[in-house]
Amino acid sequence: MGLLIVGIDTSCDDTSVSVVDVDEGRFTVISDIVSSQAEIHKRFGGIVPEIASRRHIEVILPLFIQALDDANISMDDIDVISVCKGPGLIGSLIVGCSFAKSISYVKKIPLVSVNHLEGHLFSPFAVEKVEFPFLGLIVSGGHTTMVRVDAPLRYRELGKTRDDAAGEAFDKVAKLLGLGYPGGPVIDELSKKGDPERFRFTRPYLPDTFDFSFSGLKTAVLNLVKNMNRNELEENIPDIVASFQSTVIDVLIKKVEWALKKEDLKRIVVSGGVAANSELRRRFKELSEEMDIELHIPPLRYCTDNAVMISVAGYFYYRERIFSGINLNPLAYLPLS
Ligand code: KG4
Ligand code: ZN
């Protein structure tokens, strides 16, 4: 057995705990638990921060115990604890950080803390070897960020969304069409039956910048459907969501293509919840073949929030001997630096 890193993520509405074994830079996942709160928040059409924090408090200790049981280890076997310190919902982050600090202090286990975006960036490393440098595209419910990664912990942000994140756009469009929360998976499914060419939404390309903007697209969908009666809307939903989805993907593909050329990069990592989208995966595969680029997209399980990615990112901090102490304080806003 190599180095055992326990990962903890409570940045949003899911409580996740993992145990990852790192041996000569190779990662083996030995336990991986995600307790989803989606069912609880569904009825509110989005995440209610206070409910999320309360739920984290209820489940974090049982989950931690279960993760160790699944890995067949005790607390004495843990070599490192890695916790997500932000960005995210502050009440949620506080639960994970307080928990990690307590275990680290009582058992004298080294503590490292990572940015949630670093977790997403390194998520494919859990299952395959990824070389540097690469272009990272993080597309999730909270973020749409493009970053140049020259080495672990060496990033340069190229662009990010100026308003809604890509996943947020999926969630808001699903909400306004009455499709429930979270919107991504349901739009993904319904789009398979729809015609993506049927409605032509303006592509928000924002010239001369790697930034993104998706809030206008949501308004465009709203304007399209506001005069439709119930029957018309129901009939047209697959075409509407397929057209919306292809607009988002067109923008992501175009910006990535441009960034790869401008930054002279031959490798890309696409991660975050929206990277679970089947059409997005197909289109990025197509792009990588056309441009002869190496593509890394994590398996579905590691696209959406999980703690394995926090264990993996934490390894790089441990390797550089960058530790956190009992003064660790999470931050709701935390850029990649
Ligand atoms: O990475 P994640 O679990 O949490 C954040 O860090 O935000 O991402 C959640 C987001 C939600 O907006 C959800 O609608 C979206 O990922 N998502 C998808 C799919 N599965 C999840 N979006 C498009 N297609 C999917 N299949
Ligand atoms: Zn995330």
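The values are calculated or read from the model by the stated rules, or taken from the named source; none is laboratory data. If you're wondering where the values come from, they're calculated on a predicted model, not measured in any experiment. Heads up, the Cβs are rebuilt from the backbone with ideal geometry, glycines too, and the neighbour counts pull from every protein chain shown.
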Just one of (1) at pLDDT 95 or above; (2) more than 16 Å from ligand 1 (Cβ to nearest atom) trips up N277, so point out which. (2)
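Table: residues versus (1) closer than 13 Å to I310 by Cα; (2) polar (S, T, N, Q).
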residue: G86; (1), (2): yes, no
residue: G91; (1), (2): no, no
residue: C97; (1), (2): yes, no
residue: Y105; (1), (2): no, no
residue: K108; (1), (2): no, no
residue: S113; (1), (2): yes, yes
residue: F125; (1), (2): yes, no
residue: V130; (1), (2): no, no
residue: F134; (1), (2): no, no
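With the condition kept exactly as written, say whether any residue in segment 133-151 is away from ligand 2 (no atom under 15 Å from the Cβ), part of a strand (DSSP E or B), modelled with pLDDT of 95 or more and more than 18 Å from the chain's Cα centre (by Cα).
Pass one, segment 133-151, residues away from ligand 2 (no atom under 15 Å from the Cβ): 133-135, 146, 148-151.
Still in the running and part of a strand (DSSP E or B): 134-135, 146, 148-151.
Of the ones still in play, those that are also modelled with pLDDT of 95 or more are 134-135, 146, 148-151.
When the remaining residues are screened for being more than 18 Å from the chain's Cα centre (by Cα), the result is 150-151.
Yes: one or more hits.
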State which residue pairs qualify: first residue under 16 Å from S278 (Cβ atoms) and inside segment 236-256, second residue of a type in the set (D, E) and in a helix (DSSP H, G or I) in any location, beta carbons under 8 Å apart, and separation of 6 or more residues or different chains. Q245/D188; Q245/E279; S246/E279; I249/E279
Within segment 153-175, considering residues that are in a strand (DSSP E or B) and more than 13 Å from ligand 1 (Cβ to nearest atom), the one surrounded by the fewest Cβ atoms within 10 Å (Cβ to Cβ): R154
Residue ID - nearest to ligand 1 (Cβ to nearest atom), chosen from residues in segment 180-214 that are assigned to a helix (DSSP H, G or I) and within 19 Å of the chain's Cα centre (by Cα): G184
Flag for L68 being among the aliphatic types (A, V, I, L, M), surrounded by 22 or more Cβ atoms within 10 Å (Cβ to Cβ), assigned to a helix (DSSP H, G or I) and within 25 Å of the chain's Cα centre (by Cα): no
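Quick grid of which residues meet (1) exposed (fewer than 15 other Cβ atoms within 10 Å of the Cβ); (2) within 18 Å of Y317 (Cβ to Cβ):
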residue: F64; (1), (2): no, no
residue: I90; (1), (2): no, no
residue: K107; (1), (2): yes, no
residue: L121; (1), (2): no, yes
residue: A126; (1), (2): no, yes
residue: H143; (1), (2): no, no
residue: A151; (1), (2): yes, yes
Going by what's in this entry, would I109 be described as touching a helix residue (DSSP H, G or I) at 6+ places or on another chain (Cβ under 8 Å) and near ligand 1 (Cβ under 9 Å from one of its atoms)? no
Is it the case that some residue within segment 289-310 is surrounded by fewer than 19 Cβ atoms within 10 Å (Cβ to Cβ) and within 12 Å of ligand 1 (Cβ to nearest atom)? yes
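Quick check on this structure: which one of S74, S53, S36 is of a type in the set (S, T, N, Q) and closer than 30 Å to R319 by Cα?
On the way: S53 fails: closer than 30 Å to R319 by Cα; S36 fails: closer than 30 Å to R319 by Cα.
It is S74.
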Of all residues in segment 282-308 being closer than 17 Å to G167 by Cβ and in contact with a Cys (Cβ under 9 Å, 6 or more places away or on another chain), the one that is nearest to ligand 2 (Cβ to nearest atom): D305
Given the conditions (1) surrounded by 15 or more Cβ atoms within 10 Å (Cβ to Cβ); (2) modelled with pLDDT of 95 or more; (3) more than 20 Å from P182 (Cα to Cα), which single one is not true for P204? (2)
So which pairs qualify, if the first residue must be in segment 103-122 and β-branched (V, I, T), the second must be buried (at least 24 other Cβ atoms within 10 Å of the Cβ) and part of a helix (DSSP H, G or I), the Cβ gap must be under 7 Å, and the two must be at least 6 apart or on different chains? V112/G314; V114/I310; V114/A313; V114/G314
Name the residues in segment 318-337 that are away from ligand 1 (no atom under 16 Å from the Cβ) and in contact with an Asp or Glu (Cβ under 9 Å, 6 or more places away or on another chain), would you? Y318, S337
Among the residues of segment 263-303, which ones are assigned to a helix (DSSP H, G or I), in contact with a Pro (Cβ under 8 Å, 6 or more places away or on another chain) and among the aliphatic types (A, V, I, L, M)? A275, A276
Within segment 1-52, considering only strands (runs of 3 or more DSSP E) that don't extend past its boundaries, which have at least 2 residues that are of a type in the set (V, I, T) and closer than 18 Å to I109 by Cα? 3-9, 15-23
Run down L135, L121 and say which single residue is under 20 Å from N277 (Cα atoms), more than 16 Å from ligand 1 (Cβ to nearest atom) and touching a Leu at 6+ places or on another chain (Cβ under 9 Å). L135
